[in-house]
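Take a look at the structure set out below.
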Amino acid sequence: MSTLSSPKARRKQSTRRRAGSHVPPYPPYPSQESHDTALTAIRSFLKGHTSYDAFPVSFRLIVLDTKLNVKKALQCVVSAPLWNSEQSKFAGMLTVLDIIHLIQYYYRTASYDYAFENVETFRLESLRDIEIELGVAQPPLLREHPSCSLYDAAKLLIQTHARRLPLLDNDSETGHEVIVSVLTQYRLLKFISINCHKEIQQLHLSLRKLKIGTYVTQSPNPDQSPYHPIATATLNTPVFDVVHMFSERAISAVPIINEEGIVVNLYETVDVITLVRLGAYQSLDLTINEALRQRSPDFPGVVVCTANDSLGTLLQLIKKRRVHRLVVVEGEASRLLGIITLSDVLRYVIGKVGIGEGIEEELKPTQSDSTIRRTPRS
């Protein structure tokens, strides 16, 4: 696995920084049996521990009132639980995709000036109306109790295609709902990587063999992109065209490639939010090349891997750094081959619901509660 350092927009190709494997050498002849045994042990571990166990040692939780306007909300966070203060109850989650839908709505129906003025007073409670106008699916009102098993929480994330799961309890005195925390795909996978080190070392089969991720496939339709079904863009693509991809496909990042299909960067939904925070709505007509010049210099770069890297290596990487997706490349030139998201990884680790559950339940958890390592503050 390696990292494409944050490239300047004027460069044709970014430099690469090779990162070595974080896991010990695997047996000379990896077996499917040892891989499956480790995977079953991880699933058993998740069934024996609750969402509460995955809480970090120290954390803060920001909850936004639905009466708050969007612009003020974005000065705090890009994702948070919503609270209806009039009814004293949980009202869903604010996500980056909500803001992407809002931007797309303004560009379809209004001028820059109108968007700039209206966003000053547009309230969070009206976001669902925008989704109805655009005809996009409304997010389900998910919730779980902190005492639910991590396995059940993971299944709910997979079944609903959500990246975050709010954890709610009830106040014993008032009976009102209380938002305790939010479990994310990243925190769940990091919890596994911290506490299932021995099992992860046995996950030595390649990502290609395990069919984790989405890969470029030849389409019979000659009019389709040669990188179908992956959404891609170039440095000359207008930002709003990418915003449309985000909204239409419900994705959070698009690989930026050159004419040879070499990955030179990655444009993410958070990059669009940065422009919105600055009030630069007109910047959405800029090209990706121009917009990247406004990206924070702290951008860590694009994490890439090959299809021959192992699942164990990927999980060890999640343990060491915050990773939300990996771009799969081939060859020394880093030509685009696929993309792997945390949803893909979690879906594989949890497996199909109902498959082998009877066998897995007979296994004891791999570690006792007393040895659980909580994730550090993040």
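Some notes on this structure:
- Listed peptides 128-134, 193-199 appear in the order 193-199, 128-134 once ranked by packing, highest mean of other Cβ atoms within 10 Å at the front.
- Restricting attention to region 54-190, the count of lysine pairs at 8 or more positions apart or across chains with alpha carbons under 27 Å apart stands at 5.
- Local electrostatic count at HIS176 - Lys and Arg +1, Asp and Glu -1, tallied over other residues with Cβ under 12 Å: -3
- Equivalent ellipsoid semi-axes - Cα gyration tensor, region 54-190, angstrom: 29, 17, 14
- Nonlocal amide H pairs with LEU183, under 5 Å, H built at 1.01 Å: LEU165, LEU167
- Residue-by-residue Karplus 3J(HN,Hα) for region 228-234, coefficients 6.51, -1.76, 1.60, Hz, glycine and proline x: 3, x, 7, 6, 10, 8, 10
- Under 5 Å, built H, 5+ apart or other chain: amide partners of GLY92: LEU82
Readers should treat all values here as calculations from the given coordinates under stated rules, not as data from a laboratory. What you are looking at is a predicted structure, and each value in this text was computed from that prediction instead of being measured. Because the Cβ atoms are built from the backbone with ideal geometry, glycine has one as well, and the counts that use them run over all protein chains shown.
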